[in-house]
1. Considering only residues of the range 222-252 that are of a type in the set (A, V, I, L, M, F, W, C) and in a loop (DSSP other than H, G, I, E, B), which is nearest to residue 110 (Cα to Cα)?
2. Quick test for you: out of 101, 164, pick the one residue that is without any contact (Cβ under 8 Å) to a residue 40 or more places away in the chain, of a type in the set (A, V, I, L, M) and surrounded by 18 or more Cβ atoms within 10 Å (Cβ to Cβ).
3. Just to be sure I understand, how many residues within the range 18-37 are assigned to a helix (DSSP H, G or I) and either over 18 Å from the mean Cα position of the chain (by Cα) or among the charged types (D, E, K, R) (or both)?
4. Which condition breaks for residue 70 when tested against (1) at pLDDT 95 or above; (2) open to solvent by 40 Å² or more (accessible area, probe 1.4 Å)?
5. Could we say that residue 200 is within 22 Å of residue 112 (Cβ to Cβ), of a type in the set (S, T, N, Q) and in contact with a helix residue (DSSP H, G or I) (Cβ under 6 Å, 6 or more places away or on another chain) here?
6. Scan the range 184-193 for residues that are at pLDDT below 95 and either open to solvent by less than 20 Å² (accessible area, probe 1.4 Å) or acidic (Asp, Glu) (or both) and report the count.
7. Between a residue in the range 194-205 that is under 18 Å from residue 31 (Cα atoms) and open to solvent by less than 20 Å² (accessible area, probe 1.4 Å) and any residue that is outside any helix (DSSP H, G or I) and among the β-branched types (Val, Ile, Thr), which pairs come within a Cβ distance under 7 Å, given they are 6 or more apart or on different chains?
8. Return the residues of the range 117-161 that are crowded, with 19+ Cβ neighbours inside 10 Å and either without any contact (Cβ under 8 Å) to a residue 24 or more places away in the chain or basic (Lys, Arg) (or both); say none if nothing qualifies.
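The values are calculated or read from the model by the stated rules, or taken from the named source; none is laboratory data. Since the structure is predicted, the reported quantities are computational estimates derived from the model, not experimental observations. Glycine gets a Cβ as well: all are built from the backbone with ideal geometry, and neighbour counts include every protein chain shown. The area values use the complete protein model at the heavy-atom level, side chains included, leaving out ligands, DNA and RNA. Shrake-Rupley method; radii C 1.70, N 1.55, O 1.52, S 1.80 Å.
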Amino acid sequence: MSRRSEAYRDIIISLITTIEEKEKEPIEEAADILAKAVADDRLINIIGSGGHSNMAAEEAFYRAGGLAAVNPLLDAGTNLIHGALRSTFVERTPGYAKAVLDAYGIESGDVLIIANAYGINAMTIDCALECKKRGVTSIGITSQGYANFVPKDSHIRHPSGKNLYEIVDVFIDSHLPTGDAAVHVEGLQQTMGPTSTFVNSFAVNLLMIRTAEKLLEMGIEPPILVSGNMPDGDKINRRIEQKYRLRVKHYR
């Protein structure tokens, strides 16, 4: 490996180690909320509110080793597949999030994980504010340091200037470094080696593992999917999916 690839590896390892070491308490609190939701036959709703943060919701859904009770809010407006620039325009549109939560039927008593690398755009903040209005318990996965770095009057922010970590009921810090990309390449002004997908996915999966452990402590077998590429994988998953496929939009 080159020095740059070694640096990238070390940065990723350092970030996920920091999350594991420093975010134990909020992960415990969030896992308690999610375990109770599953025990009460509710869904674990999750949204990656903009751009590449959508991958955090995709990572949690229909995943080998993941919980079947996950309901991802995969909004076409902010997904890159329909246009990268369009995605940016949409995620900065105030009020848009309300329609998305309405479309997925997010209501009082539900829980919603909001994963967003920076935690400042209109889509993200409106999701959190709507949760407050609707009586929905919110769990935020984002970077406090990054949010604090961006000026309050920046055009990329929600008009309120608020940060996700300040609004949600439980905040898990992803410790994303400012600028996201973290590897300095000689001869380039811009850094390379993005980190947001790694930290968001790691935090999400830590949370899912701890939720499953808490369900076991409650005497409840967690509905865990296996890889469909394993022998009998489809058969095992089909049995688990029956409970959720009509309730989770993207199972169908």
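1. 248
2. Numbers: 164 fails: without any contact (Cβ under 8 Å) to a residue 40 or more places away in the chain.
Exactly one of 101, 164 is without any contact (Cβ under 8 Å) to a residue 40 or more places away in the chain, of a type in the set (A, V, I, L, M) and surrounded by 18 or more Cβ atoms within 10 Å (Cβ to Cβ), namely 101.
3. Of the residues in the range 18-37, the ones assigned to a helix (DSSP H, G or I) are 18-22, 24-37.
Retained after the next criterion (residues that are either over 18 Å from the mean Cα position of the chain (by Cα) or among the charged types (D, E, K, R) (or both)): 20-22, 24-25, 28-29, 32, 36.
Total satisfying the criteria: 9.
4. Looking at each condition in turn, residue 70 falls short on (2).
5. yes
6. 1
7. Every condition considered, the pairs that remain are 200/141; 203/141; 203/172; 204/141.
8. Scanning the range 117-161 gives a single hit, 157.
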